[in-house]
Amino acid sequence: MKKISMFVVSCLLIVVFTGCTSASGEGGTDNQITNSHTEQPGASTQATQPAAMPSPDPNKQSTLVFSMYKRDSYFETAAKAYEKEHPNTKINVKYIVKNTSEDISRAKQEKFKSTMIADFLNGKGPDLVVMDALPADKYVAKGLLANVGDMLKGDPSFKKENYYMNILDSLQTSEGGLYMLPLSFSLHTLTGDQQLLEQSGVHFNDQSWTWTEFLDTIQQLTAKRDDRYGFMAFDENNLLLNMARTDYNRLVDAVNRTAHFDSDLFLGMLEQIKQMKGQTVLYYGKELKQTEGSKGFPIYFGEDELLTPYQYFQYAANMQNSKEHSLVFYEKPKAEGQQPGGYFEPYLKIAIHAKSSLQPEAWDFLKFLMSGQASAAAAWGANDLTYEGQGFNGTFPISKSLYTAKTDNMVQAGPLQMLEGGPVKITEQDLKKLDSLVTSANKPIFDGEILQIMAKESPAYFHGQKSAQEVAKIIQNKVTTYLNE
Amino acid sequence: MEALLSSGKRNARKRIVVVIASLFIGILLVWTLFSNMMIGLTLPRVVTETPAPGSLDFNFQGTSSLQPVLEVELFNPSGEKPTEILAREGDVVQKGQLLVRYDRTAKEQQLELEQNALKKMKLGSKQLQDDFKLAARGDDAAAIEAARNAMESLKLDLSAQEKRIQMLQTELTDRTELRAPFTGRVTAILAIENIPSNGADIRLLNTERGMQFDIQIPAGMAAEWTEGDAIKVRILGKDSRLVEGRITKMEADSRKESNMPEGSDATKNPASEERQTTKEMVQVQVSMHDKSLRAGNRVQVELTQSAGGDTFVLSRKAVHQDRNGFYVFTAQSRPGPLGNQFYASKNYVTVIGEDDQRTAIAQELWNEDAEIIVESSEPLMDGQRIRF
Amino acid sequence: MNRSWVRRWLRKDGIAAIPFLAPSLAGFCLFFAVPLVMSVYYSFFDQVTDGTFVGLDNYRELLESSSFRKAAGNTLLFTGVGVPLLILLSLGLALLFNRQLWLKNAMKTAVVLPLVVPIASIVMITQIFIDWNGVLNAWLHRLDLPRVDWLNSDGALMIILLIYVWKNIGYNMILFLAGLQTIPHSYYETARIEGAGSLRQFWGITVVYLTPTLFFVILISLVNSFKVFRETYMLAGAYPYDRLYMIQHYMNNMFFSLDIQKLSAAAIFMAGFIVILMSGLLKIEHRFLENIS
Amino acid sequence: MTISRNLSRLLLSLFTGLVAAAMILPILLTVTNSLMTEREMSFNYGLLGVVTDASAQAKFVNLKLIPDWVTLSQYAKLLDSTPRFLQMFWNSIKLVVPIVVGQTAVATLAAYAFARLRFKGRNVLFMVYLITMVLPFQVTLVPNYLMIERLGLMNTSGAVILPGVFGVFGIFMIRQFMANLPYVYTEAARMDGAGHGRIFWEIILPLTKPGLAALVILLFVDYWNMVEQPLIFLKEEFDYPLSLYLAYIQESERGVIFAASVLYMTPMVLLFLYAESDLVEGIEHSGIKG
């Protein structure tokens, strides 16, 4: 019996080794991309060195593979522009879908996730990858992404003052590594009616308030006048997610793999959200019809995600229209003792493969992408300000100089024709306000399996199908399963 | 026996299944063909071309008419009718050359009259001198004074009269002739012999200052020019030839190509309607020095610019524009259930140059043997299925 | 010694086996054995490429994971209940169909058809029944009982079991029917002549001669019990109710967490379990075949 | 005697009929619902997955067996305005037929070796085969992906077909059948000095016919339903088989899901109906008696 098994195992091993040797033999003649694929032992040691990134060898022919789920035309133009500047570097931009409408059923996304995993684990992953559709934390945990933060620090040609370092710094992991560089970001803020808030005489400090303080504030506000809603949130779930995000560390203990969704904290959140809905304290939805008798905004606070500067200017336009009410952006509530500063959500997060042999080239290209040199729209026209179809070109860029160049152009170009509504004059003062929003943002909005589990289960409570305890228990069980895998 | 029976039943059943199966497959097959055909018919029809590698010689032809730099009209100096016209149209005349003689009789008669009056005055002066001598002998101071005065005044009158005669005499020589003020060419004789004229009699062109014309040239082609540069200009006409001109003035022109004055190349073609190119034009003034040039001569400026480097040339109709730049649609084939299917794919291109027929685009990876859609029966969208 | 071993091997049917086995073995090695060996290899390393040997660390981690233990327990429960249930039911049906019945063929077709229903359709029909607004809750409502979120209740397991049995009963029945056909009629005739009752005929002939088929059916049922994951996943997602969290969920989630080491280790656990089970069955089968001969 | 026999037969038939009816109910539902208009579909099932307020009046989905208005509009829509549906249907055929034919051939040969030949390592090798059948797809995905890429099969139909051809399920099934065949059948041939090739071809293969029929059905069903392999190993959507259309059917296409299911099932049902008679045509009819 032993001999038999020995025979079988040796037979299999022979097959394996012949398979591997023939395969690695093929590797050399594979194609020009091989450069990035051959598993050079040097590549991995290089990745772990925090030392300065050597500048790319200008005489080396290399092909960078740049993978993404969804195409962004900026990447293509940028790749072309970069190739022109660096004739020895070819950029192979690979994407799965041209736009998300192609993939409503998410089959392609699943394909992208799976093939990326297979590619990365086989050591053949792309040199650069857009992580937006991928679970970045898992890749980082497996050491598959290079620490671009080190590259950034070690590169004297990277001018920190040209970038929103507040964004980049706050994306660092708890160990201080920075594995993805976002090319753009959106801002999550509260909007408030300044006049009304001042008249009400209720004092608050949006720099430091927690959700409890915020909810207290709106309750005080609505206690004085009940023809206005205190806060208009997108929906209950979203509010819950917001609250859970700020208190994430109290709900989830990743180190000890325990969750606290059955705690009073979480139950309190659930109950508070539901309870306040009955009064005029909270309103859920995106549109609010003006109630009779009150002009302007029948709410004290609303929440908003400024995906592109367009939305900000739309607000500026509204401000110009309604003289009595001036819309002001406030910071969203945060955890106790957290630094002041708003929330932002990074987009087009690009990572470099830790095992790529072309890291210097990849970093150089990433730098080029970040600088926005190839950004098609020199100015933000009305068309370029919307996000749809524009991708990078319409968003808040990570490059400060690009942002300044674009806004300067816009101020010079005179009144801005919005997609709806008349031309809006963008003043330096408007821009200053926007600037301060951008430069103060320091809390990333994150997503993850746990938040998704929460979002899936909690509507049952909000719609009265289940009790808070039941929902909390289900979430607690599922999250515990997740944490202990 | 039972087995045989049941096997017979089985075979019958199998046959039924086979019939149903072939029906099912058949219907689907027919439907596939049919729907493919139906869809095919509703697809936009396209005409394609393969871009030819090469460079686009970008031609520009602009015509204009020459205008003299300096041309003056010479007026009748006296108002007399011309008696003899010495110059003929087109004559090249030297400075001071006699051009027209005018009627002198009126002037001569007046001179004669004046001379007679002078004579009369001179006679009068003798009388006065005698009067003075007489008075001087007397002691009547007043009378002496009066006589002196009279004599003095007559003297003045005399000199005045002499001046007038002199004037008349010069007038007779000067104003009865028209002479060329500068070397030039007579461009028009307006005077007619023996008919009094009150306007200009001769139009004279200064040949030393030469001719000039204005023309609008696309900014892209004029980019390398500065004032003072020489350009070749073709003189149109029977003996068309090339003459060198010199740029004297350049200024940007905001007017669009379509309302160019001498409609140089704004031939209305469908492509230019489809894509409103707001070509920047430059107003250029060119001066020319050639004796044989006539004002009003048609001149033509011919420019050729090679849209340089590795370019592909394709029909101008194929290139469209949106807010992100120029693009073309290429026909791409993908395998379908029944052979290849064709799709329109939008590709942004870098336009190097274009003329009214063709456009040169930068050579890129994708466009090496791409089928570029020139015409389509309906507006296309990226990714749309098409047929040929 | 080595040579003599080879010679001994060849003396038997070894040479004859080569042409029969070669095509399958070649493809099998390429597409199944090599990946399998690589998976085993991964399970001893900390990274897939350039990893260092960590021995049994991955296995230790796996066993420490409470989620894995939960998944393993749930899977054991599900297969432990589901497979015997399925086999009993399908055997019963097969025996029924082996008798004289009216409309036998039509009914047989009806039983087998669930096999071909696409997953999307199964999921949709299941949803129609178990959704919060679904038919089951409508019935409860009519009885003035509170609605149940079936997928987040202990009933969830029953639902998955039902889907599993419903879908695979036809599959097994085909196998059993085919197996029953291999039992020569003469055996029964002989038994009848010898005066054996139908129960004795069943135990003495049917069960005995069906045993090889039975083992095969057990294996296939086991394999298919793993396949019901796809329906579960589409109904309840990657993190279903605790009871539904099977080892396939664990593996699937490990895959998307890029934790191929733990995934491989879990797979090897699973394979080990199945090997033990199957070698036991094979041994019995072997002995049984010898008995018949 | 005959009366009681007929009675028991009737009762058994009734009982089996009930079971069969229960089994076929979901399929019946699929077929009848495929004849509904889309409006009726959304009216009946629009509430699925919708979180309704508990305070509001209780509303439920409406399970309906008979449509109000029988129409082929779902089919028309599916076939007419969803050209990829037909395309995917042919893709499925193109992938599944080679797999079924190939695996049946390869497996029959290998099964003979496993069932009728004795060689060292047989059981261990068999066990290794067995393990690969049991493991979920994801376990070997990463090495498999590497393998397929190295073989240059990525994004070709070969990446799906070849692993399918060498799948081990067929070996198991046929081995089972062959192992069951009494050795007496082959002993005579052996005495006559027939080789394994002849024995296999002339004796064993005809006897395995019901097994082959069952195998063809089961393989066809298995591979007709495969999802992961084509999703990952095929690049272009127009190469995808029908199973992917149904596995990732979009919310907006719910109105045609039943019609799509019916068309999806039809080839399998037809195949089953065709092969079923071979399935029961066991040894008793093949002329050989033990």
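The values are calculated or read from the model by the stated rules, or taken from the named source; none is laboratory data. The model shown is predicted, which means the values in this text are computed figures rather than measured ones. Virtual Cβ from ideal backbone geometry, glycine too; neighbours counted across all protein chains shown.
Listing for the model above:
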| read-out | value |
| --- | --- |
| Selection from the range C:188-202 of residues that are surrounded by 12 or more Cβ atoms within 10 Å (Cβ to Cβ) and not aliphatic (A, V, I, L, M) | C:Tyr188, C:Thr190, C:Arg192, C:Arg200, C:Gln201, C:Phe202 |
| Hits in the range D:171-198 - residues which are more than 26 Å from D:Val128 (Cβ to Cβ) and touching a residue at least 24 places away in the same chain (Cβ under 8 Å) | D:Pro182, D:Val184, D:Tyr185, D:Thr186 |
| Tally, over the range C:243-293, of residues that are in contact (Cβ under 8 Å) with a residue 60 or more places away in the chain and aromatic (Phe, Trp, Tyr) | 4 |
| In the range B:151-176, the residues that are of a type outside the set (A, V, I, L, M), within 18 Å of B:Asp103 (Cα to Cα) and surrounded by 16 or more Cβ atoms within 10 Å (Cβ to Cβ) | B:Glu171, B:Arg175, B:Thr176 |
| Only listed residue being out of contact with any helix residue (DSSP H, G or I) (no Cβ under 7 Å at 6 or more places or on another chain), of a type in the set (Lys, Arg) and farther than 16 Å from B:Ala87 by Cα, chosen from B:Arg179, B:Arg164, B:Arg185, B:Arg137 | B:Arg137 |
| Which numbered condition D:Ala58 misses (of (1) buried (at least 18 other Cβ atoms within 10 Å of the Cβ); (2) facing another protein chain (nearest Cβ under 7 Å)) | (1) |
| Residues being more than 10 Å from chain D (Cβ to nearest Cβ), more than 20 Å from C:Met38 (Cβ to Cβ) and touching a helix residue (DSSP H, G or I) at 6+ places or on another chain (Cβ under 7 Å) - total across the range C:261-282 | 1 |
| Members of the range D:14-49 that are farther than 14 Å from C:Trp166 by Cβ and at the interface with chain C (Cβ under 7 Å from one of its Cβ atoms) | D:Thr16, D:Gly17, D:Tyr45, D:Leu47, D:Leu48, D:Gly49 |
| Given (1) facing chain D (nearest Cβ under 8 Å); (2) on the phi > 0 side of the Ramachandran plot, number of the condition C:Leu258 does not satisfy | (1) |
| Helices (runs of 4 or more DSSP H) (entirely within the range A:405-485) containing at least 3 residues that are free of Cβ contacts under 8 Å to residues at least 60 places away in the same chain | A:428-440, A:449-457, A:468-483 |
| Of residues in the range C:104-161 being surrounded by fewer than 21 Cβ atoms within 10 Å (Cβ to Cβ) and basic (Lys, Arg), the one farthest from C:Met234 (Cα to Cα) | C:Lys104 |
| Selected residue [at pLDDT below 85, of a type in the set (A, V, I, L, M, F, W, C) and either under 30 Å from C:Pro184 (Cα atoms) or not in a helix (DSSP H, G or I) (or both)] from C:Leu258, C:Leu222, C:Leu281, C:Leu277 | C:Leu281 |
| Considering residues of the range A:448-467 that are surrounded by fewer than 18 Cβ atoms within 10 Å (Cβ to Cβ) and more than 28 Å from the chain's Cα centre (by Cα) only, the residue nearest to the other protein chains (Cβ to nearest Cβ) | A:Gly464 |
| Any hit, the range C:110-119, residues being facing chain D (nearest Cβ under 7 Å), without any contact (Cβ under 8 Å) to a residue 24 or more places away in the chain and under 30 Å from D:Leu109 (Cα atoms) | yes |
| Test: C:Gly237 is more than 8 Å from every other protein chain (Cβ to nearest Cβ) and small (Gly, Ala, Ser) | no |
| Residues within the range D:1-39 that are under 30 Å from D:Val262 (Cα atoms) and at pLDDT 85 or above, tallied | 25 |
| Of residues in the range D:237-260 being within 11 Å of chain A (Cβ to nearest Cβ) and among the charged types (D, E, K, R), the one nearest to A:Glu110 (Cα to Cα) | D:Glu237 |
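Every residue, every condition in (1) part of a loop (DSSP other than H, G, I, E, B); (2) within 11 Å of chain D (Cβ to nearest Cβ), yes or no:
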position: C:Leu85; (1), (2): no, no
position: C:Leu89; (1), (2): no, yes
position: C:Arg99; (1), (2): yes, yes
position: C:Met158; (1), (2): no, no
position: C:Trp166; (1), (2): no, yes
position: C:Gly170; (1), (2): no, yes
position: C:Ser186; (1), (2): no, yes
